[in-house]
1. Restricting to segment A:287-338, name every residue that is hydroxyl-bearing (Ser, Thr, Tyr), surrounded by 24 or more Cβ atoms within 10 Å (Cβ to Cβ) and over 25 Å from A:Ala267 (Cα atoms).
2. Scan (1) in contact with a Leu (Cβ under 7 Å, 6 or more places away or on another chain); (2) within 8 Å of chain B (Cβ to nearest Cβ) for the single condition A:Gly239 breaks and write down its number.
3. Tell me which residues, restricted to segment A:203-235, are on the phi < 0 side of the Ramachandran plot, in contact (Cβ under 8 Å) with a residue 40 or more places away in the chain and either among the β-branched types (Val, Ile, Thr) or at the interface with another protein chain (Cβ under 9 Å from one of its Cβ atoms) (or both).
4. Can you pull out every residue in segment A:452-482 that is without any contact (Cβ under 8 Å) to a residue 40 or more places away in the chain, farther than 20 Å from A:Met570 by Cβ and not charged (D, E, K, R)?
5. So in segment A:500-541, with the set limited to residues that are without any contact (Cβ under 8 Å) to a residue 24 or more places away in the chain and not in a helix (DSSP H, G or I), which one is surrounded by the fewest Cβ atoms within 10 Å (Cβ to Cβ)?
6. Quick one: which residue in A:Gly433, A:Gly485, A:Gly445 is outside any loop (DSSP other than H, G, I, E, B) and either touching a residue at least 40 places away in the same chain (Cβ under 8 Å) or not acidic (Asp, Glu) (or both)?
7. Of the residues A:Ser302, A:Ser310, only one is within 14 Å of chain B (Cβ to nearest Cβ) and in a helix (DSSP H, G or I); which?
8. So which residues in segment B:105-121 are hydrophobic (A, V, I, L, M, F, W, C) and surrounded by fewer than 24 Cβ atoms within 10 Å (Cβ to Cβ)?
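Rule-based calculations on the coordinates, nothing more; no lab input. These figures come from a predicted structure and were not determined experimentally. Every residue, glycine as well, gets a Cβ built from its backbone with ideal geometry; the counts of neighbours run over all protein chains shown.
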Amino acid sequence: MNTELLGIIATYLLTLVIAIPLGKYLAKVFAGEKVWTDFLKPIESGIYKLSGINPKEEMNWKQHMKALLTINLVWLVYGFFVLMYQDKLPMNPDGNPGMTPDLSFNTIISFVVNCNLQHYSGETGVTYLTQHFVLMFLQFVSCATGIAAAVVLFKAFRDKTSTKLGNFWEFFVKSITRLLLPLSLVMAIILAFNGSPTSYEGKDQFISVQGDTVNVSRGPAAAFIAIKHLGTNGGGWFGANSTHPLENPNYITNMVELIAQVIIPIAMVIAFGIFIRRKRLGWMIFGVMTIGMFLLLIPTVSSELGGSPSIAKMGISQATGAMEGKEVRFGPAISAYWSTVTTIISTGSVNSMHDSTMPLTGAWQLLGMMINSFYGGCGVGVLNYFIYLIIAVFISGLMVGRTPEFLGHKVEAREVKIAALITLLSPFLILAGTAIASYVFTNHGDAAWAVQPKSWLNNPGFHGFSEMLYEVTSSNANNGSGFEGLGDNNVFWNVATGFVLFLGRFLPIIGPIAIAGLLGAKKYIPESAGTLKTDTLTFSLMTFAVIVVLNALSYFPALALGPLAEYFTMLK
Amino acid sequence: MVLLCVIYPLIVAFAGGFSKGKGGGEKITRNGKVVGYAAIGQSFTKPEYFWGRPSAVGYNAAGSAGSNKGPSNPDYLKEVSNRIDTLLKYNPSIKRADIPADMVTASGSGLDPNISEQGAIIQIKRVAAYRKIDEKTVAELVVKNTQGPLLGLFGPSSVNVLKLNLALDELKR
């Protein structure tokens, strides 16, 4: 067993060691039980008072969604204007310019929806003020939005029949004060002591050993990097994200960042089981997700460790694996692990450049984002998985000829329709988006945009198609990583992905919450011998099969045109 | 908002003030002058220095990026092939199979401060010849500047090019 693989195993085990107790803790926090962080209560009541909220007010699912959408709209408008006029605002030591309207539109949506697509580059595109007051702020609140939405769903299944689903603001505030802020603080300090900058000084200049003058971008990055990972946001302080030596200085920080992005998604699944008093179901969901993750992880690691066949032909030794776009201090193995983790949960930060990974790795990355619920993003991972659950309940109900039920509530036409629509939405957005982009690329190559469509692609052939497919998929999954060779800072991509981001975020939140709200309000039917149990191995297998079949049917043709075609041509 | 955007980063900035680089990144100085950041790679092209990895941004640390070249891109493969030829020309004693992949491929950030141990080993002969010093001394320096896996267990080993080159310059005096 070599040290690089040991690194992967250690990282995953440490993740579980932290995530499982965290899940138990979260279940208690949101149930209002006593926990050791209750000393933070005065801060929370201060926030409620300032904003005139009564945290005791119970909401139904519609009121929850209204609160969620309203506050998101406020952030959207606020951030849009601040980003556009950032050059005229203070805290801009590097003198960076304001954003164009379309870039600002894209950036703000992308941060509000927890995606962090980043068509700008961190060193030159934003100021310290916007990094903090717009981007980092949104990294906290967009993640808290996702968690709060998931807790609404939890609430719907906790009691037998209930329309009272708690208070959105309470869940939202608690996600920040009890979870995100304390964890970020710890992590930021670890990063700072390993070499991530924290001070507000601007660019530095030095003369190198060979006499070149070099400018170094810096800034208070550590705080930003912490929440970027914990909140499954993924937007980097620097353009090169976590490949940058100041953003991810060594193997320790690499492990910390890897662990940080997975703990909340796993913890939410565990918390779900405990919160609704069906631990077994929680573990079953966790099991399916974990198996799914390993099925994507193992081929990814093996494809990267194998190295590039074209470079092998030149007679070069690839003892450790493919190195293009990777950093020596991490090596290919943990970089492959990162690329799986960052695509199955919706982080989208990178510690190696995905555009340069092997073709099959690209296919696994895309598939991870298409499924988007093997752990999934903060809160929304559980929501996405819930949709698959409902479909699985419906299909198995049909197979055995019973009225489908989920946790003692009848699943009827209305709920299944919503679930089906949400399932269809992703393939529609991804495939239609890619199709339009390909059409523009081939037929309107000379359009007078900031980047002309004919020069969008950094790579020819099948790989170029993958670049476009990846961009749209990443937007729909609210992931935010990219095949960054794509020239994406122009009107077309900014606006198109802006819309995909928006729909790909809010509909998959509203859908599950609506289903949960409707189900929760129905009469509870006690379990009998005829009930289809959802916490059994058989049903878990069924859910897994549903996930595989749905995604294979939706995406196989697109994957075949992109990464798979590239793979087979390289074999020659 | 005040809590998240002002208090939180200020606490972090305060704590960061106690770290090695005082929150500004760890700097390396020689004769009182800053010659680089430990974490940020810089360009070494002269034959008497160990070279770093190819960089998509020419080691300009005001930006950062990888090449984003796909594995099947013919232009890219040609570029790699040229890099191999350059290495072979300057290090005539080595064979193709000795060259590790990291020496002919660009890093993700374009600022990778490290090369693999093998990447340093293939350059020992050249550096020693240009500096007219014993190969053994140089080889010892490489070993001294190789950082092993974390706790000896996790991850790859690497060589910090800047530190190694500074140690080389130190020898002369």
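1. If the condition is that a residue be hydroxyl-bearing (Ser, Thr, Tyr), surrounded by 24 or more Cβ atoms within 10 Å (Cβ to Cβ) and over 25 Å from A:Ala267 (Cα atoms), then A:Ser308 is the only one that fits.
2. Against the list (1) in contact with a Leu (Cβ under 7 Å, 6 or more places away or on another chain); (2) within 8 Å of chain B (Cβ to nearest Cβ), A:Gly239 comes up short only on (1).
3. Our first condition is that a residue be on the phi < 0 side of the Ramachandran plot; within segment A:203-235, this holds for A:203-210, A:212-218, A:220-231, A:233, A:235.
If we keep only those that are in contact (Cβ under 8 Å) with a residue 40 or more places away in the chain as well, we get A:203, A:217, A:220, A:223-224, A:226-231, A:233, A:235.
A:Lys203, A:Ser217, A:Pro220, A:Ala223, A:Phe224, A:Ala226, A:Ile227, listed by residue number.
4. Result: A:Gln452, A:Pro453, A:Ser455, A:Trp456.
5. Out of the qualifying residues, it is A:Ala529.
6. Sole residue among the options that is outside any loop (DSSP other than H, G, I, E, B) and either touching a residue at least 40 places away in the same chain (Cβ under 8 Å) or not acidic (Asp, Glu) (or both): A:Gly433.
7. Details: A:Ser302 fails: within 14 Å of chain B (Cβ to nearest Cβ).
Unique residue meeting the criteria: A:Ser310.
8. So in segment B:105-121, the residues hydrophobic (A, V, I, L, M, F, W, C) come out as B:106, B:111, B:115, B:120-121.
Answer for segment B:105-121, where residues must be hydrophobic (A, V, I, L, M, F, W, C) and surrounded by fewer than 24 Cβ atoms within 10 Å (Cβ to Cβ): just B:Ile121.
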